[in-house]
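J.: Below: one structure in structure tokens.
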Amino acid sequence: MAVRRSIRFLRRGKVVQLDNVPPMATLLDYLRLTERACGTKEGCGEGDCGACTVALGALRDGRVVYEPVNSCIQLLGMMDGKEIVAVDDLQVREGGLHPVQCAMVECHGSQCGFCTPGFVMSLFALYHGGEAPGRQQVNDAISGNLCRCTGYRPIVDAALKSCCGHATDSYARAADATAKALRGLADAKDVFIGDANSFFAAPAGAAALAKLYGEHPDAVLVAGATDVGLWITKQLRTLPKIIHLGRVAELNRIEDGGNDVAIGAAVNYEAALPLLTAIDPDLGELLRRLGSKQVRIAGTVGGNIANGSPIGDTPPALIALGATLELRQGRSTRSMPLEDFFIAYGKQDRRPSEFVSRVIVPKLKPQQFYRSYKISKRFDQDISSLMGAIRITLEGSQIREARIAFGGMAATPRRARVAEATLVGADLIRQATWSSAIEALAHDFNPIDDFRASAAYRMATAKGLLTKALLEIAGTPTSATRVIGHRETMYAGAA
Ligand SMILES: Cc1cc2nc3c(=O)[nH]c(=O)nc-3n(C[C@H](O)[C@H](O)[C@H](O)COP(=O)(O)OP(=O)(O)OC[C@H]3O[C@@H](n4cnc5c(N)ncnc54)[C@H](O)[C@@H]3O)c2cc1C
Ligand code: FES
Ligand code: FES
């Protein structure tokens, strides 16, 4: 396979080619320090505040879509094949204020203005979203943008006023030309910039990835960089060898196998959301609250699993569903139950030069019922203190099988095997028959105290979540158990 020793992206309608791409260079540094396009701001430098938001244009089903990302933790090399739209560009392309900027002025959406470029770019992406958003969609769209002085009401007003579902700006008018230019950038060549000691690489296929990683098992794999980006900006680590997975065709696939869904390791949360939501609405609600729009556009389920965090949101949710993890090393692949991947804190069952290729998530069978809950201090953009998920299989109202998984209760995401065993045989609609399973969680876990939650809080909450799940499945309406994220009762045989 031919190798390209440069990256290419679109800026203001023109192709930019860079032959020198330091592996750790961030998009924000490129914009501010190289281009001197300083409208894009740096606030936190860790994906939390949204001041650095830019929109990336890419082709989806032949159409140009714009999606917001945090430029502070996106690597420059990851921009290959994309259109980069930064706040400075709007004035140039529009010859005046963009419609979302006009609305921000008219609705008084800016005071000190430091957050404003980031909000404008999140709204720019929403403006191009193809449908007029309601208030909840606007809130979701700006969940990754912090404002400390204006307050959100005028910004939400500006969004509702300007994002009418029909984009007419210069970007919409140039959509055909942009699509053509993006198609021109989409070759299937492997990108490799640097030398054997220091490089940024973006292989185009799984075989090339396996070969390169085999030659450089010390390289760092990067999917969405929402974790790795912080190793650079906050931990100040030196990462001389980066292999980006975003161009690996096989890892970007989602396959609906009828009874299951296979999610490639480089598929981002936004792309995985519809299929996971179709398995169960609680998964959709969980993903809506995972990070922010910017984090979900970049971050991947594969990265969430591979990083092995005890408080990653998706591992417990998928373990309860019985997901299987697929890994590849060289030409060989192996599979394991997802829970077996997590060996100990910071230690996963991954061999040198082995990478996660897919996670296969079974759909619910008839008589299987699922719930998952994220507990965090803030609604949006917050790491979980606790994450709980359960799937039960019923025969009549009797529990035949149970899978319960928690994050934040141990050094790894873990199943509650004692509670699971205690639940089997219980009658769902007679609480007295399953209350011992709730108490059994004390045998499964000995949670830690830390700044996110005390051990006592974690244990009490885990018990509460398991009780809530069983009551809900037994027929208690979610209007009685939830403040938000209500869902219809799934168990038809409820009393
Ligand atoms: C502001 C912010 C908010 C966040 N909120 C949440 C949250 O609410 N819930 C949550 O769970 N997480 C959250 N995160 C953490 C992060 O977004 C997730 O863990 C995300 O899923 C990581 O995916 P990624 O593709 O960005 O991984 P990357 O940063 O690219 O990689 C993460 C790790 O996985 C490895 N890796 C990636 N892909 C593979 C592969 N295919 N094979 C082997 N190793 C691989 C990398 O080498 C690295 O060690 C947040 C992060 C930020 C910055
Ligand atoms: S600077 Fe805060 S998210 Fe990037
Ligand atoms: S206007 Fe000052 S932080 Fe938002």
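Just so you know, all these numbers are worked out from the coordinates, no wet-lab data involved. It should be emphasised that the depicted structure is a prediction, and the values quoted were computed from it without experimental measurement. FYI the Cβ positions are ideal-geometry reconstructions off the backbone, even for glycines, and counts take in every protein chain you see.
J.: Rounded to whole Hz and in sequence order, give me ³J(HN,Hα) for the range 177-187 from the Karplus expression 6.51 cos²θ - 1.76 cosθ + 1.60, θ = phi - 60°, writing x for Gly and Pro.
T.: After applying 6.51 cos²θ - 1.76 cosθ + 1.60, I find 5, 5, 4, 5, 5, 5, 4, x, 7, 8, 8 Hz.
J.: What's the extension gain from E215 to K180 if we count 0.36 nm per residue and subtract their Cα-Cα distance? Please list the in-between numbers first.
T.: On the way: separation 35, 0.36 × 35 = 12.60 nm, distance 3.59 nm.
Gain on stretching E215 to K180: 9.0 nm.
J.: Please grab the % of Cα pairs in the range 1-153 that end up more than 28 Å from each other. Don't skip to the end; give the middle numbers.
T.: On the way: 2178 of 11628 pairs.
Looking at the range 1-153, the distances longer than 28 Å represent 19 percent of pairs.
J.: Is the shape of the range 36-108 rounded, prolate or oblate, going by the alpha carbon gyration tensor and its root eigenvalues a ≥ b ≥ c, with a/c under 1.5 for rounded and a/b larger than b/c for prolate?
T.: Numbers: a/c = 1.80, a/b = 1.15, b/c = 1.56.
In terms of gyration-tensor shape, oblate.
J.: Please give, to one decimal in nm, the separation of the simple spin-label points placed at R237 and V16, each 7 Å out from Cα toward the Cβ.
T.: Placing both labels 7 Å along Cα→Cβ, they lie 2.7 nm apart.
J.: Continuing with this model, one more query. I'd like the distance separating the alpha-carbon centroids of the range 48-108 and the range 428-488, in whole Å.
T.: Comparing the Cα centres of the range 48-108 and the range 428-488, I get a distance of 42 Å.
J.: How do H216, H98 line up, fewest other C-beta atoms within 10 Å first? Working shown, then result.
T.: Values: H216 17, H98 23.
Exposure proxy ranking, most exposed first: H216, H98.
J.: Using the Cα centre of the range 160-215 as origin and beta-carbon charges of +1 (Lys, Arg) and -1 (Asp, Glu), tell me which of Y171, A210, L182 is placed farthest towards the positive end of the dipole.
T.: It is Y171, whose Cα lies furthest towards the positive end.
J.: Ok, one more. Would you mind working out the magnitude of the charge dipole of the chain relative to its Cα centre, with +1 at each Lys and Arg C-beta and -1 at each Asp and Glu C-beta, to the nearest 20 Debye?
T.: Values: 57 positive and 51 negative charges, 44 e Å.
Using Cβ point charges on Lys, Arg, Asp and Glu, the chain gives about 220 debye.
J.: For the range 161-219, how big is the tail of P(r) above 15 Å, as a whole percent of Cα pairs? Numbers along the way, then the final one.
T.: Details: 1131 of 1711 pairs.
It works out to 66 percent of all Cα pairs.
J.: To continue, here is another question. Only bridges whose two residues both fall in the range 115-242 count here: according to DSSP, what percent of them are antiparallel, nearest 5? Could you put the intermediate results ahead of the total?
T.: Numbers: 5 of 8 bridges.
For the range 115-242, the DSSP antiparallel bridge percentage is about 60.
J.: Amide H of K234: which non-local residues (sequence gap of 5 or more, or other chain) have their own amide H closer than 5 Å, using H built in the peptide plane?
T.: none
J.: If you don't mind, another one. Rounded to a whole number, what is D in µm²/s for the range 372-494 from Stokes-Einstein with the Kirkwood radius over alpha-carbon pairs (25 °C, 0.890 mPa s)? Numbers along the way, then the final one.
T.: Working: Rh = 14.8 Å.
Calculated translational D: 165 µm²/s.
J.: Percent antiparallel among DSSP beta bridges with both residues in the chain, to the nearest 5?
T.: Numbers: 64 of 74 bridges.
About 85 percent, rounded to the nearest 5.
J.: At q = 0.05, 0.09 Å⁻¹, what log₁₀ I(q)/I(0) does the chain have when each alpha carbon counts as one equal point scatterer in the Debye sum?
T.: For the chain at q = 0.05, 0.09 Å⁻¹, log10 I(q)/I(0) is -0.20, -0.65.
J.: Something else: Take the alpha carbon atoms of the range 187-208, find their center, do the same for the range 213-240, and report the distance between the two centers in whole angstrom.
T.: Taking the Cα centre of each part, the range 187-208 and the range 213-240 sit 15 Å apart.
J.: Under a 5 Å amide H to amide H cut-off, with H placed in plane at 1.01 Å, what residues pair with D260 once short-range neighbours are removed?
T.: Sorted by chain and number, the residues that satisfy this are K363.
J.: In sequence order, what are the phi-derived ³J(HN,Hα) couplings for the range 397-407 according to the Karplus relation 6.51 cos²θ - 1.76 cosθ + 1.60 with θ = phi - 60°, rounded to whole Hz, with x for glycine and proline?
T.: Once rounded to whole Hz, the list reads 9, 8, 7, 8, 8, 9, 10, 10, 9, 10, x.
J.: Distance from a point 7 Å along Cα→Cβ of C102 to each backbone N in the range 160-182: keep the residues under 15 Å and list them by number.
T.: 160-173
J.: Tell me which residues come under 5 Å, amide H to amide H, from G81 once H is placed; ignore anything under 5 positions away on its chain.
T.: R8, F9
J.: Give a residue-ordered list of calculated ³J(HN,Hα) values for the range 382-390 (Karplus: 6.51 cos²θ - 1.76 cosθ + 1.60, θ = phi - 60°; whole Hz; x for Gly, Pro).
T.: Once rounded to whole Hz, the list reads 9, 6, 5, 7, 8, 9, x, 9, 9.
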